[in-house]
Amino acid sequence: MWLYLYIAEKNDIIDRPNARSSHSVHTIRGGGIIFPLALVFEYAYSGFHYGWFILGLVLISAISFLDDLKPQDSKLRFSIHLMAVALLFYQLNLFTFPWYLIVVALFFVIGSINAVNFMDGINGITGSYALLTLLTLLYINNNETLFADQMVLIIAIIAVLIFNFFNFRKNARCFAGDVGSVSIAFIILFFILKLIIATENLSYILLLLVYGWDVVSTILFRLIRRENISEAHRTHFYQFLANEKKIPHLNVAIGYCLVQLGVNACLIYRSTNNLSYLALILIITGTFIVVLRLIIQGRRQLIHSNHADNS
């Protein structure tokens, strides 16, 4: 990490604040490169386990890092992402499943990668959420269901801890960048899918519940306001708390983690493999986050478009 920070500073790999930023000082971008590098080193050390997954991780990390340096063509990015996800699916033997399950898995993976990337907007949130998720997966692997090579999980956790040392602070030394948020999402999704396949329990998608509902509810409100959801913005709930309510970034990150920790604890100790129960949980929690945002942010901000207000 120290070496990367030195190289990044010398080569001006810097995130400069703009109108959508939640920070006000120039900060090194791309510190999340430690995530794929750590797993590549572990791959060589462990005897080349999960080769197709690692290849997909390298591809998706490479295009994301290039995008951190200079915006890449969206079609190229999407093509590389699809290729990387296809390699992940091949590693998991998902292509032996019915086509409709593959489509569902593709939607889940692509959507989740984008969700984690969208949520990487304030200090500490990506690193702390990733750490909680990986620690939960490690606990399940040790105590509930052996579904993955434990050393790969441990190395991923160590990489996140090191990144957090530089990012989980009031004035971050570096940001994850797209290479960090996209690669850690890819890593986490690999383990979650392995767990779901091993247990045949879809409820483990709830390990991403808090991030998921922030992103989904934000998209819903943007559609209601007739905004272009592909355009950059800063209207996520966590951004409202940090930017409008002026709650310190680390407090918001910790709050999100505490809520997800409660979800994870319930998932582990009250685990059930029931699709109707899962659907009920998603409906209840989804309704809750929408109502909560309407109460805290207000109907005017969430429902009415800026265009309508200006006119």
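Readers should treat all values here as calculations from the given coordinates under stated rules, not as data from a laboratory. Nothing here was measured: the structure is a model prediction, and the numbers come from that model. FYI the Cβ positions are ideal-geometry reconstructions off the backbone, even for glycines, and counts take in every protein chain you see.
Full extension of the chain segment joining VAL103 with PHE78 gains 7.4 nm, where the gain is 0.36 nm per residue of separation less the Cα-Cα distance. Between amide H atoms placed 1.01 Å from N, distances below 5 Å from ILE14 occur with ARG29, all of them 5 or more places distant or on a separate chain. In summary, the helical segments of the chain meeting the span-like criteria, namely a full DSSP H run, a Cα extent along the axis of 18 angstrom or more and a mean Kyte-Doolittle hydropathy of at least 0.0, are 51-69, 74-91, 99-118, 125-143, 150-167, 177-199, 209-224, 249-269, 275-297. Residue ranges 215-228, 67-80 sort as 215-228, 67-80 when ordered by packing (mean number of other C-beta atoms within 10 Å per residue, highest first).
Potential lengthening of the chain between ARG173 and LYS70 amounts to 35.0 nm, from the contour at 0.36 nm per residue minus the alpha-carbon distance.
Add +1 for every Lys or Arg and -1 for every Asp or Glu among the other residues with Cβ under 9 Å from the Cβ of LEU302, and state the total.
Numbers: positive: ARG225, ARG293, ARG299, ARG300; negative: none.
Charge balance near LEU302 sits at +4.
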